[in-house]
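Enquirer: Sharing a structure below in structure tokens format, with a few things to ask.
The values are calculated or read from the model by the stated rules, or taken from the named source; none is laboratory data. Since the model is a prediction, treat every value here as computed from it, not as a measurement. Neighbour counts run over all protein chains shown; Cβ positions are idealised from the backbone, glycine included. Accessible surface is based on the protein model in full, side chains and every heavy atom, while ligands, DNA and RNA are left aside. Shrake-Rupley method; radii C 1.70, N 1.55, O 1.52, S 1.80 Å.
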Amino acid sequence: MRYAIYFTPRQDEPLARIAANWLGRDPFGAATRPVEAVADLSAAEVAFHTASARRYGFHATLKAPFRLAANETEASLRAALDHFAEATPVVTIPRLVVSQIDSFFALVPEGPLPALNRFADDVVLGFDRFRAPLTEAEIERRSPDSLKPAEFRNLCQWGYPYVFETFRFHMTLSGRAASQESPRLRAAIESLFADILRKPVLVDALTLFVETEPGAPFMVLSHHALGRRSARKTA
């Protein structure tokens, strides 16, 4: 069993609904659903391009999937998430845009957001005690020879290559796309998400996901709203 700490919008938010329809799965307990044709992409093409992202559900990685440390429990992890969330303010992303990262498509902030990066750093630091060290096999699955030196150091120290100076907030929407397929895929994503991408996105919760066994789909286990302590003080 592995856990992951992600950001994802609440199940009833338009961004979450659109993403679930695109990926063909809602990680909030719902079963997979048939994907539909979008723009010039057939349903079969959408299903193909979203296959790798579907298992993880719509999310932005904050603390990458990890096995629990021997001295921690699911209950202690959830309690720590509650405590952290209560003391952490909401971060606003003024606008998300469609971007291609290493040939896969994702939603990313339109510009730099230091507050968002600090928030992500705090999650990595604050919850590392819950992470069991990576095994040699887990390190090898990350293709360490392909990583830059800073990414490899992060993998060994923090269990994930893309943290701190190598972090980039992104919400994955596809697997890797060949260059000849990318224009049609980008056009389909932009047409589907166009209206919702005009609006700010509030990073207002931490969501605990769980993979119950290797290869199983990641599902939402608990949702922890940010800023509740501050809200009580100002109410």
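Enquirer: Along the three principal axes, how long is the stretch 123-168 when you take its alpha carbons, biggest first, rounded to the nearest angstrom?
Expert: 28, 23, 13
Enquirer: Given the Cα-Cα distance of F28 and D128 and 0.36 nm per residue of separation, how much length would full extension add, in nm? Kindly include the intermediate steps, with their values, before the conclusion.
Expert: Numbers: separation 100, 0.36 × 100 = 36.00 nm, distance 2.47 nm.
Full extension of this stretch gives 33.5 nm more.
Enquirer: Taking square-rooted eigenvalues a ≥ b ≥ c of the alpha carbon gyration tensor, is the stretch 96-235 rounded, prolate or oblate, where a/c under 1.5 means rounded and, failing that, a/b exceeding b/c means prolate? Working shown, then result.
Expert: Values: a/c = 1.61, a/b = 1.01, b/c = 1.59.
Verdict is oblate for the stretch 96-235.
Enquirer: Normalised by the empirical 2.2 N^0.38 Å for globular proteins, what value does the Cα Rg of the stretch 33-105 take?
Expert: 1.59
Enquirer: Can you show me the helix-derived [θ] at 222 nm for the chain, built from DSSP H runs with n ≥ 4 at -39,500 (n - 2.57) apiece and divided by the number of residues, rounded to the nearest 500.
Expert: Helix contribution divided over all residues of the chain: -10500 deg cm²/dmol.
Enquirer: Now, a different point. Between E136 and K199, what is 0.36 nm times their sequence separation minus the Cα-Cα distance? Round to one decimal in nm.
Expert: Gain on stretching E136 to K199: 18.4 nm.
Enquirer: With a 1.4 Å probe and all protein chains left in place, how much of the accessible area of the stretch 122-235 comes from carbon and sulfur atoms, in whole percent?
Expert: The C+S portion of the solvent-accessible surface of the stretch 122-235 is 53 percent.
Enquirer: For the stretch 162-212, build the convex hull from the C-alpha positions and give me its volume per residue in Å³.
Expert: Normalising the Cα hull of the stretch 162-212 by residue number yields 168 Å³.
Enquirer: Roughly what would the spin-label model give for E110 and D82, points 7 Å off Cα along C-beta, in nm?
Expert: About 3.9 nm separates the two model spin labels.
Enquirer: Still on this structure: To the nearest 10 square angstrom, what accessible area does F152 show with a 1.4 Å probe?
Expert: Looks like 80 Å² after rounding.
Enquirer: To continue, here is another question. What is the sum of charges, Lys and Arg at +1 and Asp and Glu at -1, for the other residues whose Cβ falls under 13 Å from the Cβ of L77?
Expert: Net local charge, L77 excluded: +2.
Enquirer: With labels modelled as points extended 7 Å from the Cα through the Cβ direction, what inter-label distance (nm, one decimal) is found for S103 paired with S52?
Expert: Computed distance between label sites S103 and S52 equals 0.8 nm.
Enquirer: Taking a probe of 1.4 angstrom, what is the accessible area of T32 in Å², to the nearest 10?
Expert: 100 Å²
Enquirer: Compute, for the chain, the length of the dipole vector about the Cα centre, with Cβ point charges of +1 (Lys, Arg) and -1 (Asp, Glu) only. Units Debye, rounded to 20.
Expert: On the way: 28 positive and 27 negative charges, 96 e Å.
Here the size comes out at about 460 debye.
Enquirer: Using only the Cα atoms of the chain, what semi-axes does the equivalent ellipsoid have when each is the square root of 5 times a gyration tensor eigenvalue? Give whole Å, largest first.
Expert: One finds semi-axes of 27, 22, 18 Å for the chain.
Enquirer: Checking a compactness column here: for the stretch 1-125, what do you get for Rg(Cα) / (2.2 N^0.38 Å), N being the number of residues?
Expert: Details: Rg = 16.4 Å, N = 125, 2.2 N^0.38 = 13.8 Å.
Dividing the Cα Rg of the stretch 1-125 by 2.2 N^0.38 Å gives 1.19.
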